[in-house]
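Everything on this sheet refers to the single structure shown next.
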Amino acid sequence: MDDKAAVTASLEAVDRLLADGFEPARPVLLAFGCDEEVGGRAGAARIAALLGRRHVRPFLVLDEGQAVIDGLMPGIESPVAMVGVAEKGYLSVTLTAHGPEGHSSTPPPETAVDVLAAALVRLHDDPFPAGIDGPPRAMLEALAPEMPFSQRLVMANLWLFEPVVTGRLAADPASAALLRTTVAPTMLEGSPKDNVLPAEARAVVNFRLHPRDTIDGVLARVEETVADERVEVEPAAEFSSEPSAVSPADGPAYRLVTDTIAQVVPGAAVAPSLVVGGTDARHYAGLTESVYRFLPYTIRPGDLARIHGTDERILLDDYERMVQFYVQLIRNASARESTSSRRRVR
């Protein structure tokens with residue numbers, strides 16, 4: 001699912017087109033980075049920089065990020081093809097608390113671990129504001145026609161019902177991640193022995209930044225929330241990135257993707273969406289505004305836990321559809337380029 005199937009499916013699609021003697025009317029570039037899971041700096045970032053130096057301006061960039069979801073949207077019976085028009089930013093912050101070291105048999109009133117734990121609790125108890133704006137709002141508006149009447153009524157009057165909708169979405173971790181910058185403590189470090197009080201205790205907290213937030217703003221908020229001079233707050237040395245720009249959910253490039261989805265996944269509703277994880281797509285934003293994130297396999301109830309988890313796989317029928325999608329996308333792009341060229345000649 002993440003993300004070898006897209007590599008092999010796109011290669012197989014091109015192989016089929018070549019076997020059929022197909023010649024594209026515009027260049028088709030396949031770009032595979034080597035380090036997407038750790039930021040893409042040695043892979044996609046260098047590829048994008050090279051394309052920039054060569055003055056390449058892609059009509060469309062398409063990467064992983066979203067999929068077809070089935071049975072996961074309450075009130076919507078049809079499959080929904082989510083097209084990622086933006087992705088959240090990435091930042092890890094290290095919190096380092098200091099306290100008296102010594103033997104655990106005579107603990108002081110407050111240890112470095114206590115100080116660190118209190119800081120983490122304050123971050124947990126003060127979440128970032130949630131709101132329906134940007135891609136999540138566009139997603140709800142696009143899906144409103146597929147909803148039952150009562151839900152359509154609510155979506156048509158978000159000016160009145162937005163607090164209620166926000167509250168319901170924020171109650172579920174999957175939908176809450178669309179509405180706000182998330183906070184997730186992921187690593188903890190203290191004493192090397194069970195009977196030694198550490199002079200330092202350290203935690204790494206991972207933030208996925210909503211497009212309304214920035215790295216500097218998140219760091220300032222963390223320092224303000226922790227509010228303890230005994231706790232140092234600093235970015236982790238690893239990769240960080242601002243939220244991506246939001247690509248247009250209209251125009252010829254977006255329509256190329258959605259028209260292809262309609263051909264390969266008939267009956268699916270299509271909606272723009274926000275990718276809560278990270279992809280290599282963000283590195284290509286300097287080349288074109290039309291950067292989208294979609295793979296045409298289906299995520300069904302229970303499948304989300306498979307991503308980076310046990311028994312990660314896709315169905316063979318889904319894989320065949322992925323190949324068909326890339327074949328059709330390239331054919332459609334070529335047909336549009338040919339039509340555009342004829343119009344210019346005239």
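The values are calculated or read from the model by the stated rules, or taken from the named source; none is laboratory data. These numbers were taken from a predicted model, which means no experiment stands behind them. Neighbour counts run over all protein chains shown; Cβ positions are idealised from the backbone, glycine included.
For the range 24-48: of the residues being of a type in the set (D, E, K, R) and in contact (Cβ under 8 Å) with a residue 12 or more places away in the chain, which is surrounded by the most Cβ atoms within 10 Å (Cβ to Cβ)? I'd like the intermediate steps shown before the answer.
Here is the first cut: in the range 24-48, the ones of a type in the set (D, E, K, R) are 26, 35-37, 41, 46.
Restricting the remaining residues to those that are in contact (Cβ under 8 Å) with a residue 12 or more places away in the chain gives 26, 36, 41.
On the way: Arg26: 15, Glu36: 19, Arg41: 13.
Only one residue fits best here, namely Glu36.
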**Study point:** Unmet requirement for Phe325, which otherwise passes all of (1) at pLDDT 95 or above; (2) outside any helix (DSSP H, G or I); (3) under 30 Å from Pro145 (Cα atoms)
**Key:** (2)
Review point. With respect to Gly190, is the statement that it is under 23 Å from Thr106 (Cα atoms) and over 13 Å from the mean Cα position of the chain (by Cα) true?
Key: yes
Check your understanding: Given the residues Val14, Val38, which is the only one that is over 19 Å from the mean Cα position of the chain (by Cα) and not assigned by TED's automatic domain parsing to the domain that holds Val218?
Key -> Val14
Practice item. Mind listing whichever residues of the range 97-149 are charged (D, E, K, R), more than 29 Å from the chain's Cα centre (by Cα) and surrounded by 15 or more Cβ atoms within 10 Å (Cβ to Cβ)? Key: Asp114
Practice item. State yes or no: is Asp228 in the same structural domain as Ala176 (by TED's automatic domain parsing), closer than 19 Å to Ala177 by Cβ and either acidic (Asp, Glu) or in contact with a strand residue (DSSP E or B) (Cβ under 6 Å, 6 or more places away or on another chain) (or both)? Key: no
Exercise for review: State all residues of the range 282-295 that are touching a helix residue (DSSP H, G or I) at 6+ places or on another chain (Cβ under 7 Å) and either within 16 Å of Pro272 (Cβ to Cβ) or without any contact (Cβ under 8 Å) to a residue 12 or more places away in the chain (or both); if no residue qualifies, say none.
Suggested key: Ser290, Val291, Tyr292, Arg293, Phe294, Leu295
Check your understanding: When residues of the range 253-293 are filtered for being in contact with an Asp or Glu (Cβ under 8 Å, 6 or more places away or on another chain), assigned to a loop (DSSP other than H, G, I, E, B) and not β-branched (Val, Ile, Thr), how many remain?
Key -> 2
Revision key, fill the gap. Considering only helices (runs of 4 or more DSSP H) wholly within the range 116-233, the ones with at least 2 residues that are touching a residue at least 24 places away in the same chain (Cβ under 8 Å) are 135-143, 158-170, 173-179, 215-226
